[in-house]
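Trainee: Can you keep this structure in mind? I'll have questions shortly.
Where a number appears in this text, it was derived from the coordinates with a stated rule and is not lab data. This one's a predicted model, so the numbers in the text were calculated from it and none came from an experiment. Cβ sites come from the backbone with ideal geometry, for glycine too, and all protein chains shown count toward neighbours.
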Amino acid sequence: MSENYSESELKAVKETLHDNGKRLFLESGVKAVSAEKIADDSGISIELFNRCYSSIETLFFAILEKEERLFRDTLEQLIAENKENPKIAFFNVLNTAMQLIAKNPLVKKVIDTGEIEYLMTKIPKEHLEKYFTGDKEYFTSMVDYFQTRGMSSDIPSPILANTLRTLFIIPFFKENIGEEEYETSILALAKVFTEGLFKE
């Protein structure tokens, strides 16, 4: 490639960085991987790596955002499959979301390596603020959707959205809950939460 990369060339480079970065992060965690290693495995210069990402942590965050988009696609599919029964759709969203987060390899890795706090200090503040704002807007719109289809509207949708986001932190404490108890526990939680919000 020349020094002047087209948009499609940079996109291809980023995809390669994502693939190799994810593989290395899963093998060793974030702190143990260098930008030089990922660049070398990707067949590019460190200068090109730095052009794409300002740090290892911003690359990790970009990979995690990509995983988040796939996660949301799955939730949207669950809703679409149960349009005729919003209560079941909501239950499936809660249960599946907590299962997917707990089973996500990247999430499991940063929990196992204890790197969550480290990442929160290293990922640029503006990246995190943009993510959390988008996350809140996404779940607020989801709550709005369900409130027009039978969910209780006694609680404002932004408050319910924040409650959902709080529920999705639970998978980070799966080890504290216990491997054997986790699935039955979140199943019960999803059921109680759904029954409380959809009053027939």
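Trainee: So what's the angle, to the nearest 10 degrees on a 0 to 90 scale, between helix 7-28 and the longest Cα principal axis of the chain?
Mentor: Orientation of helix 7-28: about 80 degrees from the principal axis.
Trainee: Where Rh denotes the Kirkwood radius from the mean inverse Cα pair distance, what is Rg over Rh for region 132-200?
Mentor: 1.02
Trainee: If r is the Cβ-Cβ distance from Ala32 to Lys11 and R0 is 45 Å, what FRET efficiency results, to the nearest 0.05?
Mentor: Efficiency at R0 = 45 Å is approximately 0.95.
Trainee: So how many Lys-Lys pairs in region 76-170 land under 24 Å Cα to Cα, not counting same-chain pairs under 8 apart?
Mentor: 13
Trainee: Choose one of Ile56, Met151, Ser141: the residue whose Cα lies farthest towards the positive end of the charge dipole of the chain (beta-carbon charges +1 Lys, Arg; -1 Asp, Glu; about the Cα centre).
Mentor: So the residue we want is Met151.
Trainee: Over the chain, what is the mean sequence separation of C-alpha contacts under 8 Å (at least six apart), divided by residue count, expressed as relative contact order in percent?
Mentor: Once divided by the residue count of the chain, the mean separation gives 22 percent.
Trainee: Taking the Cα centre of region 1-53 as origin, sum charge times position over the Cβ atoms of Lys and Arg (+1) and Asp and Glu (-1), and report the length of that vector in debye to the nearest 20.
Mentor: In debye, rounded to 20, region 1-53 gives about 260.
Trainee: Rank the residues Thr16, Thr121 as a footprinting-exposure proxy: fewest other Cβ atoms within 10 Å of their Cβ go first.
Mentor: So the ranking, lowest neighbour count to highest, is Thr121, Thr16.
Trainee: Tilt of helix 125-147 relative to the longest C-alpha principal axis of the chain, in degrees (0 to 90, nearest 10)?
Mentor: Once rounded, one gets 30 degrees.
Trainee: Please sort by residue number the GluC sites (Glu not before Pro) in region 26-87 whose DSSP state is loop and whose Cβ has at most 14 other Cβ atoms within 10 Å.
Mentor: Filter output for region 26-87: Glu84.
Trainee: Of Ile79, Asn176, Phe132, whose Cα points farthest to the positive end of the dipole of the chain (charges on the beta-carbon: +1 Lys, Arg; -1 Asp, Glu; origin at the Cα centre)?
Mentor: Result: Ile79, furthest along the dipole toward the positive end.
Trainee: Mind checking the dipole of the chain: about its Cα centre, +1 per Lys or Arg Cβ, -1 per Asp or Glu Cβ, Debye to the nearest 20?
Mentor: 300 debye
Trainee: Calculated FRET efficiency, Thr74 and Asn4, Cβ-Cβ r, R0 41 Å, to nearest 0.05?
Mentor: Computed FRET efficiency for Thr74 and Asn4 comes out at 0.60.
Trainee: Loop-only chymotrypsin sites (Phe, Trp or Tyr not before Pro) in region 1-75, please: DSSP not H, G, I, E or B, and at most 15 other Cβ atoms within 10 Å.
Mentor: Taking region 1-75 and a limit of 15 other Cβ atoms within 10 Å, the loop chymotrypsin sites (Phe, Trp or Tyr not before Pro) found are Tyr5.
Trainee: Among (i) 19.5, 64; (ii) 15.9, 47; (iii) 22.3, 90, which one is Rg and Dmax of the Cα atoms in Å computed from these coordinates?
Mentor: Checking each listed value against the structure points to (i).
Trainee: A further question on this structure: Starting with the fewest neighbours, write out Val93, Val192 ranked by other beta-carbon atoms found within 10 Å of each beta-carbon.
Mentor: Val192, Val93
Trainee: Using a Gaussian network model of the chain whose springs link C-alpha atoms within less than 10 Å, name the residue from Gln77, Gln99, Gln147 with the highest mean-square fluctuation.
Mentor: So, out of Gln77, Gln99, Gln147, the one fluctuating most is Gln77.
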